[in-house]
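A.B. asks: Please see the structure below; I have some questions.
The values are calculated or read from the model by the stated rules, or taken from the named source; none is laboratory data. Please read all numbers here as calculations on a predicted model, not as lab measurements. Here the Cβ is made from the backbone with ideal geometry for all residues, glycine too, and neighbour counts use every protein chain on show.
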Amino acid sequence: MFLTLKPGTTEQGIEELVKKIEELGFRAHVSRGAERTVIGVIGENAIAAREVFEGFFTVELITPISKPYKLVSREFKKEDTIVKIGDVTIGGKDIVVMAGPCSVEKEDLLLSIASSVKKAGAKVLRGGAFKPRTSPYSFQGLGERGLKYLAKAKKATGLLVVTEAMNIQQVELVSRYADIIQIGARNVQNFELLKEAGKSKKPILLKRGIATTIEEWLMSAEYIVSNGNSNVILCERGIRTFENATRFTLDLNAIPAIKAWSHLPVIVDPSHGTGVRNFVGSMSKAAIACGADGLIIEVHSDPEHALSDGRQSLLPENFASLMQELKKLARVIGRNL
Ligand code: PEP
Ligand code: MN
C-alpha cells in the first residue's frame with residue numbers, strides 16, 4: 001500500500017511515519033514528488049496495517065497496490081521514470097540507441113565499431129566482457145581487459161558504456177568502468193545478484209529471461225528497486241516459444257504491457273530477439289512504433305569472424321542506414337532520435 005501525504009507535511013512528519021512503518025516490520029520507500037510526498041509501505045500484507053495509518057493527520061490517502069510488484073508499478077508512481085546519465089535520458093521523449101559488438105574482442109576493432117555507431121547516432125556502446133555462453137567451450141569474454149577496452153572506447157568517442165555483470169563480485173568491478181550494468185536474460189532471477197544491483201549507484205539494464213512472464217520480470221525489477229536503486233531500464237529480448245525458425249520470439253506485446261503496468265523505461269533487443277541479421281531492421285522499427293524507449297543492437301564490422309553472435313550482427317553501414325529510417329519514424333510518432 002502507499003500513503004499519500006498532505007501537502008506541506010514536514011520532514012519530521014515524514015520521519016514519524018517512516019519510524020512507525022519500520023516498527024511494524026515493513027520497509028518504507030519515500031518518494032518526494034513535485035507536489036506530494038508518497039510513502040510506500042512495503043512488505044507482506046502491508047494493507048492489514050491500514051488502520052494504524054488512518055490515525056495520522058499527515059496521511060491524506062491510503063491506497064492498496066493490487067499487483068504483486070509494488071514500487072515498480074504504475075499504481076505506486078504515475079509519472080514515467082526517466083533515467084538520466086550525463087546528457088542522455090532514457091524513458092522520456094528521446095529514443096536511445098545502444099549499439100556495439102556482442103563481445104568485446106580486440107581493442108582497435110572495438111574502437112572502430114564504437115566510432116561508427118557514434119557517428120550513426122548511437123548514444124551508448126554495448127559489448128560484453130563477461131559472456132554468459134550456453135557452451136563452456138565458447139568464448140567466455142576478455143574479463144577486466146575487455147572492460148578496459150570499453151573505457152578507452154568511451155574516452156575516445158564520448159559514448160556511454162553498457163556491459164554485463166554475471167555475478168555479485170562483478171557488480172562492483174563492472175561499475176568502475178560502465179555507465180549502465182546489464183543483467184542478462186539468464187540471470188533475471190538470480191535474486192542475490194538483483195539485490196547487489198539494488199545497492200549499486202549505476203543504472204541497471206534488466207533483460208527479460210527467456211522463460212520469464214512479464215509479472216516475474218517486474219518482480220525481478222522490484223528486487224533492484226526495493227534494495228535502493230530506482231534506475232532500472234527493462235529490456236525485452238525475446239522469449240522461447242514453440243517457434244524455432246528464429247532464435248527467440250520477440251514479444252513486443254510486452255512493450256505496451258510494461259507501459260501500462262509499470263513506470264520504468266523499456267527498450268528492445270531485436271538482435272537476440274530474432275537471431276537473424278536481416279530481421280533486425282524490421283523489428284527495430286516495430287519496437288519503436290509500439291512505444292519502446294530505445295534499442296540495443298549488435299553491430300560488428302567483421303561479423304563472419306565475430307567471436308559471438310556474428311549471424312545477428314549488423315554491419316556498421318547497415319546500422320547507419322537503419323538509424324536514418326528510425327529517425328524518420330521517431331519524428332512521425334513525436335519522439336526524438
Ligand atoms: C547479450 O546482450 O549479448 C546477451 C548475452 O544478451 P541476453 O542476456 O539477452 O541473452
Ligand atoms: Mn549477443
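A.B. asks: Of all residues in the stretch 31-62, count the ones that are modelled with pLDDT of 95 or more and of a type in the set (S, T, Y).
C.D. replies: Number of matching residues: 1.
A.B. asks: Could you say whether any residue in the stretch 318-332 is more than 23 Å from I183 (Cβ to Cβ), without any contact (Cβ under 8 Å) to a residue 60 or more places away in the chain, among the β-branched types (V, I, T) and more than 16 Å from ligand 2 (Cβ to nearest atom)?
C.D. replies: Yes, the conditions are met somewhere in the stretch 318-332.
A.B. asks: Could you say which residue among V188, V161, V171 is of a type in the set (A, V, I, L, M), closer than 22 Å to V96 by Cα and crowded, with 19+ Cβ neighbours inside 10 Å? Walk me through it before giving the result.
C.D. replies: Values: V188 fails: closer than 22 Å to V96 by Cα; V171 fails: closer than 22 Å to V96 by Cα.
After ruling out the rest, the residue left standing is V161.
A.B. asks: Another question, if that's okay. Here are the criteria: (1) buried (at least 22 other Cβ atoms within 10 Å of the Cβ); (2) not in a helix (DSSP H, G or I). Tell me which single one I113 does not satisfy.
C.D. replies: Answer for I113: the failing condition is (2).
A.B. asks: Something else now. Of the residues that make up the stretch 298-305, is at least one closer than 20 Å to V266 by Cβ, more than 14 Å from ligand 2 (Cβ to nearest atom) and either in contact with a Gly (Cβ under 7 Å, 6 or more places away or on another chain) or free of Cβ contacts under 8 Å to residues at least 12 places away in the same chain (or both)?
C.D. replies: no
A.B. asks: In addition: Out of the stretch 240-261, which residues are aliphatic (A, V, I, L, M) and either within 16 Å of ligand 2 (Cβ to nearest atom) or surrounded by fewer than 16 Cβ atoms within 10 Å (Cβ to Cβ) (or both)? Break it down stepwise before answering.
C.D. replies: Looking only at the stretch 240-261, we keep the residues that are aliphatic (A, V, I, L, M), and these are 245, 250, 252, 254-255, 257-258, 260.
Selection gives A245, L250, A260.
A.B. asks: Of the residues in the stretch 161-212, how many are of a type in the set (G, A, S) and within 12 Å of ligand 1 (Cβ to nearest atom)?
C.D. replies: Step one: list which residues in the stretch 161-212 are of a type in the set (G, A, S), which gives 165, 175, 178, 184-185, 197-198, 200, 209, 211.
Applying the additional criterion that residues be within 12 Å of ligand 1 (Cβ to nearest atom) yields 165, 184-185, 209.
Looking only at that region, the number is 4.
A.B. asks: Another question about this same structure. Quick check on my filter: what residues within the stretch 143-190 are out of contact with any strand residue (DSSP E or B) (no Cβ under 7 Å at 6 or more places or on another chain), outside any helix (DSSP H, G or I), within 25 Å of G238 (Cβ to Cβ) and of a type outside the set (S, T, N, Q)?
C.D. replies: Answer for the stretch 143-190, where residues must be out of contact with any strand residue (DSSP E or B) (no Cβ under 7 Å at 6 or more places or on another chain), outside any helix (DSSP H, G or I), within 25 Å of G238 (Cβ to Cβ) and of a type outside the set (S, T, N, Q): just M166.
A.B. asks: Condition first: within 30 Å of D87 (Cβ to Cβ), within 16 Å of ligand 2 (Cβ to nearest atom) and not small (G, A, S). Now tell me which residues in the stretch 181-205 satisfy that.
C.D. replies: Residues satisfying the conditions are Q182, I183, N187, V188, L205.
A.B. asks: Continuing with this model, one more query. Go through the residues of the stretch 220-230 one by one and say whether even a single one is part of a helix (DSSP H, G or I), modelled with pLDDT under 95, away from ligand 1 (no atom under 14 Å from the Cβ) and crowded, with 19+ Cβ neighbours inside 10 Å.
C.D. replies: Yes: one or more hits.
A.B. asks: So, one more: Residue by residue through the stretch 1-47, note down the ones that are under 15 Å from V59 (Cβ atoms), loosely packed, with under 14 Cβ neighbours inside 10 Å and small (G, A, S).
C.D. replies: Once the filter is applied, which keeps residues that are under 15 Å from V59 (Cβ atoms), loosely packed, with under 14 Cβ neighbours inside 10 Å and small (G, A, S), the stretch 1-47 yields only G8.
A.B. asks: Turning to a different aspect of this structure: Against the condition of a type outside the set (S, T, N, Q), within 11 Å of ligand 2 (Cβ to nearest atom) and touching a Pro at 6+ places or on another chain (Cβ under 9 Å), how does D269 come out, does it pass?
C.D. replies: Considered against the rule, which asks whether it is of a type outside the set (S, T, N, Q), within 11 Å of ligand 2 (Cβ to nearest atom) and touching a Pro at 6+ places or on another chain (Cβ under 9 Å), D269 comes out as no.
A.B. asks: Quick test of your reading of the structure: P270 fulfils all but one of (1) touching a residue at least 12 places away in the same chain (Cβ under 8 Å); (2) more than 16 Å from the chain's Cα centre (by Cα). Name the failing condition by number.
C.D. replies: Exception for P270: condition (2).
A.B. asks: Can you find a residue that is of a type in the set (K, R) and farther than 21 Å from K84 by Cα anywhere in the stretch 151-171? Reasoning before the result, please.
C.D. replies: Narrowing the stretch 151-171 to residues of a type in the set (K, R): 152, 154-155.
Add one more test, that the residue is farther than 21 Å from K84 by Cα, and what stays is 152.
The answer is yes, given that some residue of the stretch 151-171 is of a type in the set (K, R) and farther than 21 Å from K84 by Cα.
A.B. asks: When you scan the stretch 197-216, how many residues do you find that are surrounded by fewer than 24 Cβ atoms within 10 Å (Cβ to Cβ) and in a helix (DSSP H, G or I)?
C.D. replies: Result for the stretch 197-216: 5.
A.B. asks: Can you name the residue in the stretch 228-251 that is closer than 18 Å to E216 by Cα and of a type in the set (K, R) and is also nearest to the chain's Cα centre (by Cα) among such residues?
C.D. replies: Looking at residues that are closer than 18 Å to E216 by Cα and of a type in the set (K, R), I get R237.
A.B. asks: To continue, here is another question. What number of residues in the stretch 101-116 are within 15 Å of ligand 2 (Cβ to nearest atom) and either hydrophobic (A, V, I, L, M, F, W, C) or out of contact with any Leu (no Cβ under 6 Å at 6 or more places or on another chain) (or both)?
C.D. replies: 5
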